[in-house]
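Report on the following structure.
The values are calculated or read from the model by the stated rules, or taken from the named source; none is laboratory data. What you see is a predicted model; the values in this text were computed from it and never measured. Heads up, the Cβs are rebuilt from the backbone with ideal geometry, glycines too, and the neighbour counts pull from every protein chain shown.
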Amino acid sequence: MHEVKRRYVIPGDKIVEGNFRPLMNVIRSGNALVATRIGIAETGRDGVKVIPLSGVYIPRVNDLVIGKIIDHSSLSWEVDINSCFSAHLPAQDVFGRDFSSARDDMTKHFAIGDMITARIIAFDRTRDPMLTVQDRDLGKIPRGELLRISATRVPRLIGKRGSMIQTIEQATQTRVLIGQNGIVVVTGRLPEGVNLAVRAIRMVEEEAHTANLTQRIKGLLNVPDTTTPPPQDRGSLVAEASKPGEIESTIDEVEEELEVEGEK
Amino acid sequence: MTQTRNLIDENGKRTDGRGVDGLRPVKITVGSVKNADGSAFIEFGKNKILVAVYGPREVHPKHMALPDRCVLRCRYHMSPFSTDTRKNPAPSRREVEISKVMREALEPALMLQDYPRAAIDVFVEVLQSDGGSRCAGITAASVALADAGISMHDLVASCAAGKVDDKIVLDINDQEDKEGQADMPVAYMPRLEQVTLLQLDGRLEPEQFNECLEKAIDGSKMVYEIQKQALMQKYFGNETELKEEVP
């Protein structure tokens, strides 16, 4: 057991003084560590970080994103990934090494306006993000209801090990695909189920930082409020997106504990 | 700048009933523009200013983009109905200048190198003006930037001071600005103790200058507390701290 101290911070707030390592959204100023964004500051054994509560999506390598094909050149597609950088999907990634712009018709695979699921394979401050669709479950999204939420709410929507999204999927008989960039696609056979899932997702987005959210979502979805069994590995995109040990899990812990407090 | 009547009465009260160190009532609401990435509405005395921040987003036209950092673009605009007589909505010389000094006042607080090749747009719309609107605009813009989740070293708080009836007073209002002897808008980053904007309209003796600057900085610190409260209220309600054991 080690103690992790958490507190709410805004830019310029001193989090802690001493020899800690600044991790995420934290800068050193003299002997103190200072927050640079609004969020929840965590002081742990390995350092100090701030989990942001607002902001646009900034790509990271290995993120799973949902994007829209907005253009293509003879060598690559341009993809809007809801960020300040537009991403590129090289044609070689789809057609293989022997791709020839003269022989292969790129619009056969992805036309302008198509939605795709992709993974970011390269991104740094000097170049735009590069995507790949060469993995299980990546590629074109044929149908579904499209939603755009803030990228900072994605971890909350997924929930701890996918618990929140699993609740929504099970109660509404839908399948929810979540990109780390805040784009969500809901598919289901019944339009009522899709509508209900959309309402639930909107509620999660609006009330992400409040306590007792899971209970209220269950209320909205008419799910009996019992302790859920430990979620099994769904082997899906969502499960991949919520790997334990990442920031997502930590923010969920904070919120789960908030919920526990609320129950008392 | 000719003074026609007393702006401070025999009891030391100013035209709106404040003392020489009094700040006008300040109220900041965060997140008032739904479609913006960050926004704030400030009421600074009779000033009513709406600020919307968009970005970081793609730069258009693309040649404006900088390879190593983000471009900050600022637009200060007064609505035609914000003044006593209708103001022409076209950007005036004054508005172009204020847009520039605002950008320069906010830039030192932002970590623009975190967002290379992108742009952040700040739109400051004055809906009702009452003197000191650039200070109120900078104050609200800095809150809106924090609301947009942009990395910052510190918030920028801003307040003016000036000379009225040969006395140095805090937070000049419209009448004191027009009829008083000097007006000094100051923007300040309290944690870093750095001044990011310092303008002066009027004449001050060297000692008066120092007194005026100190007073404006003290005013900025008061505004800073209001900024912090507004952000805390929006994001965390009334809670301030959480602490627990994690295995």
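Total residues in the range A:158-183 satisfying the condition of being under 11 Å from A:ALA197 (Cα atoms), buried (at least 22 other Cβ atoms within 10 Å of the Cβ) and not polar (S, T, N, Q): the figure is 3.
If you go through the range B:53-106 and keep only what is away from every other protein chain (no Cβ under 14 Å), in contact (Cβ under 8 Å) with a residue 60 or more places away in the chain and acidic (Asp, Glu), you end up with just B:GLU104.
Please tell me if A:ILE70 is within 22 Å of B:GLY149 (Cα to Cα) and not in a helix (DSSP H, G or I). For A:ILE70, the condition - within 22 Å of B:GLY149 (Cα to Cα) and not in a helix (DSSP H, G or I) - is not met. Out of all the residues in the range A:42-59, which are in contact with an Asp or Glu (Cβ under 9 Å, 6 or more places away or on another chain) and under 15 Å from B:MET152 (Cα atoms)? Matches in the range A:42-59: A:LYS49, A:VAL50, A:ILE51, A:SER54, A:GLY55, A:VAL56.
The set of residues in the range B:154-190 being within 14 Å of another protein chain (Cβ to nearest Cβ), surrounded by 22 or more Cβ atoms within 10 Å (Cβ to Cβ) and in a loop (DSSP other than H, G, I, E, B) consists of B:ASP154, B:LEU155, B:VAL156. Scanning the range A:122-152 for residues that are surrounded by fewer than 21 Cβ atoms within 10 Å (Cβ to Cβ) and within 14 Å of chain B (Cβ to nearest Cβ) yields A:PHE123, A:ASP124, A:ARG125, A:THR126, A:ARG127, A:ASP128, A:ARG148, A:SER150. Among the residues of the range B:226-247, those that are surrounded by 19 or more Cβ atoms within 10 Å (Cβ to Cβ), facing another protein chain (nearest Cβ under 7 Å) and at pLDDT below 95 comprise B:MET232, B:TYR235, B:PHE236.
Checking the structure you have, find out if any residue of the range A:13-20 is within 10 Å of chain B (Cβ to nearest Cβ) and of a type outside the set (Gly, Ala, Ser).
yes
Of the residues making up the range A:101-115, those that are assigned to a loop (DSSP other than H, G, I, E, B) and without any contact (Cβ under 8 Å) to a residue 12 or more places away in the chain are A:ALA102, A:ARG103, A:ASP105.
The single condition among (1) within 12 Å of another protein chain (Cβ to nearest Cβ); (2) surrounded by fewer than 21 Cβ atoms within 10 Å (Cβ to Cβ) that B:THR15 does not satisfy is (1). Within the range A:21-63, being facing chain B (nearest Cβ under 10 Å), in a loop (DSSP other than H, G, I, E, B) and of a type in the set (Gly, Ala, Ser) holds for A:GLY44, A:SER54, A:GLY55.
Looking across the range B:30-51, the residues that are in contact (Cβ under 8 Å) with a residue 60 or more places away in the chain and within 14 Å of another protein chain (Cβ to nearest Cβ) come down to B:VAL30, B:GLY31, B:ALA36, B:ASP37, B:GLY38, B:SER39, B:ALA40.
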